[in-house]
Amino acid sequence: MTMDNGHENGDDPAVPEDLARDLGFLVRPAYTPRAAIDDDILAGARRRLGPIAAGRRRRRSIVRLVPLAAAAVLLIWLVVRPGAVREDLDGNGRVDVLDAFLLARALRDGGNLEKAWDLDHDGRVDRHDVDLVLERARRL
Amino acid sequence: MACSPCVAPEPENPLDRDHRLVAAVNKGDATAFEELYRHYRDWVFSLAMRFTAEASDAEDVLQESFSYLLSKTPHLHLSGRLTSLLYPVVKHLAAHARKKRARYHGDRDALDGLTAAAVAGTPSRAELARVLSALPESQREVLLMRAVDEMSLAEIADALEIPVGTVKSRLHHALRTLRADERTRAYFDR
């Protein structure tokens, strides 16, 4: 068995119970701290720990709101994402006179008219739809 | 018929209890702090009295010790039991209190003051007090931490920042002295 400072490893010197008891009598004080000391210490603890607990509750509230906020952002993005505006006919992210011009030229040239360009949903792509684009461009 | 699941739960391991309560305190739980305080208050006070022998100084040390713990929240960390953390804190604060009082001349005086009342009318304890006072401070400290504070060898080593082997050595020497002294040999003959 290996030695450590002259004593076997794992050797925990035993203190006789009577000796431990009498040593305790010698060094343990006959009285306890005043109750006012307890009150001061515990009041100090509440002052120190209260803000810590409050901070954790605030962080938990914010964390609970994150999924809601994420859902709201996603919803807004789905509704107003660039290129998703019906009147943005050229898909450049803006509704402007160019979109109206594109539709007007398509009508003039008699080319393929996309069903999506029926902006007033009257079953036809015509001058009224061009007006709608211009109206939207003006509002923006 | 007695319900078979109705078995009394095993008492919580002190180490687990301390870690659980410290974790709760770090989250701002004042009730957990109070539980820790109630559990360790008398030990801290007793230890402070051992070093200062003055009740008012010991009360100050008690307050300052737990204020120190609070100052570490919410990052208070325990590697073992709270006793290992508190022991050097109390010892350091008590030394500071002694310097302030400016009439302390060493552990021996504090111990003498503390044991005087305890040994009145008790010859065997009076003899024990004399033998104890004659031990080197380092051996006496380890003996009291083991026998009175019931700290493990590892906890003592941690608190005093010395190797476990040194703790064993000091404890062995202290017990050997008490065993060899005719005034205290009887403790080892029983």
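The values are calculated or read from the model by the stated rules, or taken from the named source; none is laboratory data. Fair warning: this is a prediction, and the values are worked out from it, not measured in the lab. Cβ placement follows ideal geometry from the backbone for every residue including glycine, while neighbour counts extend to all protein chains displayed.
Table for the structure above
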| quantity | calculated |
| --- | --- |
| Residue match in the stretch A:31-47 (condition: surrounded by fewer than 11 Cβ atoms within 10 Å (Cβ to Cβ), modelled with pLDDT under 80 and more than 9 Å from chain B (Cβ to nearest Cβ)) | no |
| Close pairs from the stretch A:94-106: first in contact (Cβ under 8 Å) with a residue 24 or more places away in the chain, partner surrounded by 15 or more Cβ atoms within 10 Å (Cβ to Cβ) and charged (D, E, K, R), Cβ under 8 Å, at least 6 apart | A:94/A:88; A:95/A:87; A:95/A:88; A:95/A:136; A:99/A:87; A:99/A:88; A:103/A:129 |
| Residue count for the stretch B:96-145, restricted to those that are at pLDDT 65 or above, surrounded by fewer than 17 Cβ atoms within 10 Å (Cβ to Cβ) and assigned to a loop (DSSP other than H, G, I, E, B) | 1 |
| Selection count, the stretch B:156-183, where residues are surrounded by fewer than 21 Cβ atoms within 10 Å (Cβ to Cβ), touching a residue at least 12 places away in the same chain (Cβ under 8 Å) and more than 10 Å from chain A (Cβ to nearest Cβ) | 5 |
| Helices (runs of 4 or more DSSP H) wholly inside the stretch A:23-140 that include at least 3 residues being of a type in the set (Val, Ile, Thr) | A:35-80 |
